[in-house]
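Note sheet for the following structure.
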Amino acid sequence: VSRLPKPFLKMPSPKMIGNINDKDISFQYGKIQGSRLRTLGFNMNFAPVMDINSNPNNPVIGDRAFGSTVDRVVDNSIQVMEGIRAEKIIPVIKHFPGHGDTKTDSHIDLPIVNKTIDEVEKLELIPFAKGIEGGADGIMIGHILFPELDDTNPATLSNTIINNILREKLSFDGVIISDDMTMGAITKSYSMEDAVIKFFQAGGDIALICHGDKEQLSVLDRVKEELEKGEIKEEDIDEKVYRIIKLKRKYEINDNIIYKADIEKVNMKTRKFLDKIKAL
């Protein structure tokens, strides 16, 4: 998914990059993504997708994945992550613990994956584990229900999945970000305020509310209320904030304004990359 405006040249899908399966190409692919975003003043990219497209009936992942096997996904996604990082853009790998074996689009409703922890460890978790070994800075949690892991809460709201599996089992100490809380997988069953509170209580650091500034403000008010009531501890919020500050310092993030974006300079790099792919 690319949200960049039309003046930017269209890039190939991750699936196409996975099909080429060349580590240098994958690194350059990530590097160009990073330079395009940096040109516009962004500092974070919700990529690469580390889902394994193991279900041919999956309506949402498809060509967003680098492939349908562990090796294809790991080999390419790690290089893309490094390429993004090389441009001083924060890569956020997603959608933990894995959106590849779903039959439902989480934008519309809640996907369910009926796999045991052993099954998930042998497939879905491998790319994320490799990403963490490679120094992943941020991980996005998907709105997916894994009944064998937590029969009540989707991954985004699950203490078992966020704390027990991601933090403890996989030893991830970076920033945990929710997928967009305004997606149907959440809004059909929870109020925005309740969902965000549950996400924070489960161990998440940044909740994305991508549509509706009124909802963002009402969630902020609710967080303050829960702090006052003691339902959320101030030290827990501090811990989240310090994680975010640490990441900002690592990437030397500042508030410099981008007055003019040199899109043509980035497009020149993109053309060279596209020509290189065509010549393969």
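Taking the alpha-carbon centroid of each part, what is the distance from the stretch 75-104 to the stretch 239-276 in angstrom?
Using only Cα atoms, the two centres lie 16 Å from each other.
Give the aspartates and glutamates reachable from Lys276 as a straight Cα distance under 15 Å; neighbours fewer than 8 places away on the same chain don't count.
Asp22, Asp24
Report, ordered by chain and residue number, the lysines lying within cross-link reach of Lys198, taken as a straight Cα distance under 26 Å and ignoring same-chain residues fewer than 8 apart.
Result set, ordered by chain and number: Lys94, Lys103, Lys115, Lys169, Lys188, Lys214, Lys224, Lys229, Lys233, Lys240, Lys246, Lys248.
Give me the percent of the accessible area of the chain that comes from carbon and sulfur atoms, probe 1.4 Å, all protein chains in place. Walk me through the intermediate numbers first.
Numbers: 6930 of 14160 Å².
C and S atoms contribute 49 percent here.
Using a 1.4 Å probe and ignoring any ligands, DNA or RNA, find the accessible area of Asp118 and quote it in Å² to the nearest 10.
Asp118 exposes around 90 Å² with every protein chain in place.
So, with +1 on the Cβ of K and R and -1 on the Cβ of D and E, and no other charges, what is the size of the charge dipole of the chain about its Cα centre, to the nearest 20 debye?
Working: 39 positive and 44 negative charges, 355 e Å.
Result for the chain is approximately 1700 debye, rounded to the nearest 20.
Among 4-13, 140-149, 105-114, what's the highest-first ranking by average C-beta atoms within 10 angstrom per residue?
Numbers: 4-13: 13.4, 140-149: 22.4, 105-114: 16.9.
Output ranking for 4-13, 140-149, 105-114: 140-149, 105-114, 4-13.
Short version: what are the Cα gyration tensor semi-axes of the chain, square root of 5 times each eigenvalue, largest first, in whole Å? Before the final figure, lay out each step's value.
Working: eigenvalues 182, 111, 57 Å².
Result for the chain: semi-axes of 30, 24, 17 Å.
At 1.4 Å probe size, with every protein chain present, just tell me what the per residue accessible area of the stretch 108-201 comes to in Å². Let's see the in-between values first.
On the way: 3500 Å² over 94 residues.
So the stretch 108-201 comes to 37 Å² accessible per residue, rounded to a whole number.
Per-residue ellipticity at 222 nm for the chain, helices alone: DSSP H runs ≥ 4 residues times -39500 (n - 2.57), over residue total, nearest 500 deg cm²/dmol?
Numbers: 10 runs with 122 residues, N = 280.
Using -39500 (n - 2.57) per qualifying helix, the result is -13500 deg cm²/dmol.
Just order 47-54, 83-90 by mean Cβ neighbour count inside 10 Å, highest at the front, would you? Provide the component values of the computation, followed by the final result.
Details: 47-54: 26.5, 83-90: 20.6.
Ranked from most to least packed, the peptides come out as 47-54, 83-90.
Please list 240-252, 192-204, 60-72 highest first by mean number of surrounding beta-carbon atoms within 10 Å per residue. Can you show the working numbers first?
Working: 240-252: 13.0, 192-204: 21.0, 60-72: 19.2.
Ranking, from highest mean packing down: 192-204, 60-72, 240-252.
The values are calculated or read from the model by the stated rules, or taken from the named source; none is laboratory data. Computed from a predicted model, the values in this text were never measured in an experiment. Virtual Cβ from ideal backbone geometry, glycine too; neighbours counted across all protein chains shown. Heads up: the accessible areas ignore ligands, DNA and RNA and are worked out on the full protein's heavy atoms, side chains in. Shrake-Rupley method; radii C 1.70, N 1.55, O 1.52, S 1.80 Å.
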